[in-house]
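The values are calculated or read from the model by the stated rules, or taken from the named source; none is laboratory data. Keep in mind it's a predicted model, so treat the numbers as computed, not measured. Positions of Cβ are generated from backbone atoms using ideal geometry, with glycine treated the same way; all protein chains shown enter the neighbour counts. For accessibility, only protein heavy atoms count, side chains too; no ligands or nucleic acids. Shrake-Rupley method; radii C 1.70, N 1.55, O 1.52, S 1.80 Å.
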Amino acid sequence: MGISSTAPGHSGLSRIKLFLALSRTTHGLLDMATPAFAALLWLGKFPEPGIVLLGLLTTFAGYTAVYALNDVIGYRQDKEKIEKSLLLERNDLDAVWVRHPMAQELLSFRAGLMWALGWSAVAAVGAYLLNPVCLLIFLAGCFLEALYCLLLKITHHRVLISGGVKTSGAVAAVFAVDPHPNVHFLIVLFLLFFFWEIGGQNVPNDWSDLDEDLELNVRTVPVRFGPERSLTIILISLFVTLALTVIIFAFSLASFQWPYVLLAIVASCALLLQPAWKLYRRRKPSDAMALFNKASLYPLSMLIVVLAKVVIDSV
């Protein structure tokens with residue numbers, strides 16, 4: 001997988017960082033907490049060690065592939081941003097190293113494509129070994145991610161597709177540890193991360209990019225409804241997320257006592273509602289980005305709560 005000749009100075013560790021930037025690995029590692037939380041919450045205990053190891057590899061490969069796929073499919077749009085000098089530096093988790101390295105010609109398109117396909121293959125094999133249903137969910141997630149990118153300038157309703165993509169990892173993880181999970185648990189799990197994605201990730205990210213998206217004629221919720229109504233959508237989505245956070249603990253095969261649920265509520269308020277309310281009061285793009293960054297920690301905080309329960313019970 002070669003790097004474009006326009007970036008001859010990149011080699012070794014620097015080259016690896018470009019591929020990791022393509023896959024937004026910092027954000028991807030945080031996202032790995034989502035399937036781990038879902039699986040542990042449902043079982044209430046650790047799966048077999050082999051399932052854990054294979055699951056971690058498959059999850060890493062899946063997120064690495066899907067994030068890279070986003071840049072592969074959105075290559076032309078990202079190039080357009082650069083040509084119009086709209087690829088700005090931002091303090092978000094998706095730009096820890098560099099934003100869109102292919103569009104900036106730091107990586108060749110062929111290198112990025114091979115990277116995405118390679119990790120997709122690893123994820124597909126791992127998903128099949130865990131449960132063929134997991135493979136179907138992964139393929140559906142890739143298709144939805146591609147559709148989400150292709151609808152960039154067509155409809156703001158693609159936000160619903162984004163919600164579906166973010167839930168796929170959690171749902172697949174449950175099937176990886178139990179071939180016959182409770183349907184009601186899966187529904188609540190789907191809705192939980194669907195509303196978290198809309199209120200804590202997608203709309204805040206697009207809210208901070210509003211001027212850029214207007215210039216590029218991109219269709220997003222803030223472009224369609226404006227900042228004010230978008231803030232209302234954010235708050236409603238996150239209040240629903242909080243409610244579902246409480247509800248989902250009741251479906252676990254383990255018994256989560258009220259202290260654990262209370263910890264989950266406190267974490268949700270600190271990472272979701274508090275920054276959302278700050279954005280609602282101040283209406284600043286920097287506050288939208290702060291909400292995005294804090295909300296990205298929500299799955300990890302939920303995983304920590306569940307891990308505390310599982311570890312204490314196993315002692």
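Exactly one condition in (1) surrounded by fewer than 22 Cβ atoms within 10 Å (Cβ to Cβ); (2) over 18 Å from the mean Cα position of the chain (by Cα); (3) at pLDDT 95 or above; (4) not aromatic (Phe, Trp, Tyr) is not met by Pro275; state its number.
That leaves (1) as the condition not met.
Considering only segment 177-188, I want to know if a residue exists there that is at pLDDT below 95, open to solvent by less than 40 Å² (accessible area, probe 1.4 Å), closer than 21 Å to Ile233 by Cα and not polar (S, T, N, Q).
Scanning segment 177-188, I find no residue that is at pLDDT below 95, open to solvent by less than 40 Å² (accessible area, probe 1.4 Å), closer than 21 Å to Ile233 by Cα and not polar (S, T, N, Q), so the answer is no.
Which of the following residues is surrounded by fewer than 21 Cβ atoms within 10 Å (Cβ to Cβ), modelled with pLDDT under 90 and of a type in the set (Gly, Ala, Ser): Ala121, Ala95, Ala103?
Every option except Ala95 fails the conditions.
Return yes when Val203 is modelled with pLDDT under 95 and either under 24 Å from Asp78 (Cβ atoms) or outside any helix (DSSP H, G or I) (or both) and no when it is not.
On the way: modelled with pLDDT under 95: no; either under 24 Å from Asp78 (Cβ atoms) or outside any helix (DSSP H, G or I) (or both): yes.
The answer is no for Val203.
If we keep just the residues of segment 252-266 that are of a type in the set (Phe, Trp, Tyr) and part of a helix (DSSP H, G or I), which is surrounded by the fewest Cβ atoms within 10 Å (Cβ to Cβ)?
Step by step, filter segment 252-266, then rank; the result is Trp258.
Name the single residue that is surrounded by the fewest Cβ atoms within 10 Å (Cβ to Cβ) among those in segment 37-77 being touching a residue at least 40 places away in the same chain (Cβ under 8 Å) and not in a helix (DSSP H, G or I).
So the first thing to find is which residues in segment 37-77 are touching a residue at least 40 places away in the same chain (Cβ under 8 Å), and the list is 37-47, 51, 54-55, 57-59, 61-74, 77.
Retained after the next criterion (residues that are not in a helix (DSSP H, G or I)): 44-47, 74.
Working: Gly44: 15, Lys45: 13, Phe46: 15, Pro47: 18, Gly74: 20.
Filtering first and then ranking leaves Lys45.
Kindly provide the set of residues from segment 189-248 that are of a type in the set (Val, Ile, Thr) and crowded, with 16+ Cβ neighbours inside 10 Å, ordered by number.
Those that are of a type in the set (Val, Ile, Thr) and crowded, with 16+ Cβ neighbours inside 10 Å: Ile198, Val203, Val218, Thr220, Val221, Val223, Ile233, Ile234, Val240, Thr241, Thr245, Ile248.
Can you tell me which residue is surrounded by the fewest Cβ atoms within 10 Å (Cβ to Cβ) among those in segment 278-300 that are hydroxyl-bearing (Ser, Thr, Tyr) and outside any loop (DSSP other than H, G, I, E, B)?
Here the answer is Ser286.
Return the only residue of Phe109, Phe143 being within 25 Å of Asp209 (Cβ to Cβ) and at pLDDT 95 or above. Talk me through it step by step, then tell me what you get.
Values: Phe109 fails: at pLDDT 95 or above.
Residue meeting the stated conditions: Phe143.
Identify the single condition in (1) within 22 Å of Leu192 (Cα to Cα); (2) touching a residue at least 24 places away in the same chain (Cβ under 8 Å); (3) open to solvent by 60 Å² or more (accessible area, probe 1.4 Å); (4) not basic (Lys, Arg) that Ser314 does not satisfy, given that it satisfies every other one.
The single condition Ser314 does not satisfy is (1).
May I ask you to verify whether Ala36 is touching a Leu at 6+ places or on another chain (Cβ under 7 Å) and within 26 Å of Leu117 (Cβ to Cβ)?
Answer is yes for this residue.
Checking Arg219 against (1) in contact (Cβ under 8 Å) with a residue 60 or more places away in the chain; (2) part of a helix (DSSP H, G or I), which test does it fail?
Among (1) in contact (Cβ under 8 Å) with a residue 60 or more places away in the chain; (2) part of a helix (DSSP H, G or I), the lone unmet condition for Arg219 is (2).
Looking at this structure, is Leu303 open to solvent by 10 Å² or more (accessible area, probe 1.4 Å), in contact (Cβ under 8 Å) with a residue 24 or more places away in the chain, within 17 Å of Leu189 (Cβ to Cβ) and in a helix (DSSP H, G or I)?
It is true that Leu303 is open to solvent by 10 Å² or more (accessible area, probe 1.4 Å), in contact (Cβ under 8 Å) with a residue 24 or more places away in the chain, within 17 Å of Leu189 (Cβ to Cβ) and in a helix (DSSP H, G or I).
In segment 81-92, what count of residues is obtained for those that are modelled with pLDDT of 70 or more and open to solvent by 40 Å² or more (accessible area, probe 1.4 Å)?
2
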